[in-house]
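Trainee: Shown below is the structure under consideration.
The values are calculated or read from the model by the stated rules, or taken from the named source; none is laboratory data. Predicted model only: the values in this text are computed from it and were never measured. Positions of Cβ are generated from backbone atoms using ideal geometry, with glycine treated the same way; all protein chains shown enter the neighbour counts.
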Amino acid sequence: MSFIKKWKLSPRFVGPYQILRHVGKVAYELDLPNELASVHPVFHVSMLKKCVGYPTSIVLLVGLGVDENLSYEEVPVDILDRQVKKLRNKEVAFVKVLWRNHLVEGATWEAEADMMSQYPHLFPPILA
């Protein structure tokens, strides 16, 4: 059974899943979800890959305000930088936004006009 459609950029592995027990010398039984009930839960070690997490990529749920459906609202905290990109006929302003519960490396470039319409409190008033 194929787990996913085979496209060029599709993920090569599914999971991570917990190992329930060691079966024989080179096989492991995995705790698969109900969606994969038709898949046999015992896999050879050559089909498994160790799941390694980076401590910096772990976001603690305490104080995050997670809803019942395990989602939360992204809230911008600060504008870190501004740049203007020149397209063929016009110039578009972008701002680098620092989001709550993200590191500085997680800041993203967003269109200044969109951010100004959604979050006007982040931009200082223009004095003429």
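Trainee: Look at the stretch 91-116 and say how many of its residues are at pLDDT 90 or above and loosely packed, with under 11 Cβ neighbours inside 10 Å.
Mentor: So the count comes out to 1.
Trainee: Also, quick follow-up: Do we find that Lys86 is modelled with pLDDT of 80 or more and under 30 Å from Pro124 (Cα atoms) in this structure?
Mentor: yes
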